[in-house]
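**Q** Got a structure for you, questions after.
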Amino acid sequence: MKTLITGASSGIGYELAKIMSNEGHELILVARRKDRLEELKKQLKTKTKIIQMDLSDIKNAEKLYSLLKKENVEILVNNAGFGLNGKFIETDMAAEMEMIDLNVKTLVILSKLFSKDMVKKGSGKIMNVASVAGFIPGPYMNIYYSTKAFVLSFSEALAEELSGSGVTVTVLCPGMTKTEFDKVAKIKNGMFKYGMSAEKVAMLGYKAMMKGKRIEITGCMNKLSVCLRKFVPRCLMTRIVAKIQSV
Ligand SMILES: NC(=O)c1ccc[n+]([C@@H]2O[C@H](COP(=O)([O-])OP(=O)(O)OC[C@H]3O[C@@H](n4cnc5c(N)ncnc54)[C@H](OP(=O)(O)O)[C@@H]3O)[C@@H](O)[C@H]2O)c1
């Protein structure tokens, strides 16, 4: 199956590419760091095309679709994303606008353009990478948590709209995962070393997507924390997150 993965140069996207190649998928991999994508391509067993592109420029999302329109993409994985830790009144607004463009707008544009073709064909799969952060407000990473709340809600609603069309939508909600995420987000609490491996998270996401499952929350602790949220007042949950992430 021809599969497009955004953000395949490291972390979860990188591991997804390896898993999907082992499973026989033909791949199209997108990220800004071409050297990383080339190094990954050498390790893969299946036909792989790499595209160097900055997807925080939303014009590039449409450009990417135009480039691939005739390629019959059967699976779309919207994985590229980043976060930023800090006080809202101090964090860089330009970086946060880029985050909204990448985590939200590009994901919506690619979902819309590719899902239209998939529905016409009567088959296809989309996996959007949200986060357990999508379930709660996130002081000191406010914009990131808010983007992931959008991705979660958007994906669940789209899954419902497309049910019966032959196209499934899966939203992957990892908790802390050992990738480059914390370094990029300038998170200094050192907690990510206790996170799940990117390989495990990618495998859980892959299996859920292939089954057409709507939501995959990775790992028992993350499932439990999402479940507990229903019994703990939202303002208390928000205060706990603030304690963990305060700068
Ligand atoms: N790690 C966690 O704890 C965690 C938890 C929940 C959810 N997530 C989500 O999982 C997804 C993958 O993140 P990760 O943890 O694997 O982090 P990562 O190792 O930093 O990987 C992020 C990927 O996104 C790509 N990317 C970033 N900005 C981009 C841009 N402007 N244009 C194109 N590609 C871009 C990066 O490639 P280049 O830098 O080469 O462009 C990289 O391949 C993200 O959506 C993240 O929010 C992560």
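The values are calculated or read from the model by the stated rules, or taken from the named source; none is laboratory data. Only a predicted model underlies this, so the values are computations on that prediction, with no experimental measurement involved. Here Cβ is always computed from backbone atoms with ideal geometry, including for glycine, and neighbour counts include all displayed protein chains. Accessible surface is based on the protein model in full, side chains and every heavy atom, while ligands, DNA and RNA are left aside. Shrake-Rupley method; radii C 1.70, N 1.55, O 1.52, S 1.80 Å.
**Q** Taking 0.36 nm per residue of sequence separation and subtracting the Cα-Cα distance, how much length would be gained by fully extending the chain between K105 and M191, in nm to one decimal?
**A** Full extension from K105 to M191 adds 28.0 nm.
**Q** Which of the chymotrypsin sites (Phe, Trp or Tyr not before Pro) across the range 33-123 are loop residues per DSSP, with 13 or fewer other Cβ within 10 Å?
**A** Those that pass, being in a loop and sparsely packed, are F88.
**Q** Something else now. At 1.4 Å probe size, with the rest of the protein present, what percent of the exposed accessible area of the chain is carbon and sulfur atoms?
**A** Using a 1.4 Å probe with all protein chains present, the chain comes out at 57 percent carbon and sulfur.
**Q** Let me ask something else. Working with all protein chains in place, sort S197, S66 by solvent-accessible area computed with a 1.4 Å probe, largest first.
**A** S66, S197
**Q** Could I ask something else about it? If you line up the long axis of helix 34-43 against the longest principal axis of the chain, both from Cα atoms, how many degrees apart are they, to the nearest 10?
**A** So the helix axis and the longest Cα principal axis differ by about 60 degrees.
**Q** Taking only protein heavy atoms and a 1.4 Å probe, what accessible area per residue, in Å², does the chain have with all protein chains in place?
**A** On a per-residue basis, the chain sits at 50 Å².
**Q** Separate question: On a straight-distance basis, which aspartates and glutamates could pair with K116 in a cross-link, Cα separation under 18 angstrom, same-chain partners fewer than 8 positions away excluded?
**A** E62, E71, E74, E156, E160, E161
**Q** Which of the residue pairs K18/K200; K125/K211; K2/K120; K125/K200; K178/K200; K18/K41 have a Cα-Cα distance greater than 18 Å in the structure shown?
**A** K125/K200, as the Cα separations exceed 18 Å there.
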